[in-house]
Amino acid sequence: MKKITQSEFIKGYCRKSGISEERWHELGQYAAPCTCGELDCHGWQASSICSEEKEEEWKQNMVHLLEDCMYGGLLQPVTLEGGVLTLKVQRYRLDSLLEKYGLTLVSEK
Ligand SMILES: [Zn+2]
């Protein structure tokens, strides 16, 4: 079966379960890479087991993601007014990094 992205998996899962993506996050759900090898596997599984180890792994991945963003020039400062820093993100490249580190961007503005 075709491998899909993490966000595609979450979208599809929410659609099938009749819940919104907001609700998905409220429930503490996340999509973990799946290595079951089943023919109908998309490469992800829904999980709500949020262990301390998992939290620690996410924190480390977030640091790696931010480092990659800095060194890769994905984040560019646009303005710095009154101590508020506005950054411009190259979204298409950020998506592949989110995918790489198994992280999900919930909101942006
Ligand atoms: Zn699987």
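Against the definition (modelled with pLDDT of 85 or more, over 12 Å from the mean Cα position of the chain (by Cα), within 16 Å of the ligand (Cβ to nearest atom) and of a type in the set (Ser, Thr, Tyr)), how does Tyr71 come out, yes or no?
Answer is no for this residue.
In the range 1-43, how many residues are surrounded by 10 or more Cβ atoms within 10 Å (Cβ to Cβ) and part of a helix (DSSP H, G or I)?
Counting residues in the range 1-43 that are surrounded by 10 or more Cβ atoms within 10 Å (Cβ to Cβ) and part of a helix (DSSP H, G or I) gives 17.
If you take the residues of the range 51-109 that are surrounded by 13 or more Cβ atoms within 10 Å (Cβ to Cβ) and of a type in the set (S, T, N, Q), which of them is nearest to Thr5 (Cα to Cα)?
The extreme case among them is Thr104.
For the range 53-66, check the following and say yes or no: at least one residue is in contact (Cβ under 8 Å) with a residue 12 or more places away in the chain, within 16 Å of the ligand (Cβ to nearest atom) and either part of a strand (DSSP E or B) or under 13 Å from Gly102 (Cβ atoms) (or both).
No; the residues of the range 53-66 include none that is in contact (Cβ under 8 Å) with a residue 12 or more places away in the chain, within 16 Å of the ligand (Cβ to nearest atom) and either part of a strand (DSSP E or B) or under 13 Å from Gly102 (Cβ atoms) (or both).
The values are calculated or read from the model by the stated rules, or taken from the named source; none is laboratory data. Since the model is a prediction, treat every value here as computed from it, not as a measurement. When we count neighbours, we look across all protein chains shown, and the Cβ atoms used for this are built from the backbone with ideal geometry, even at glycine.
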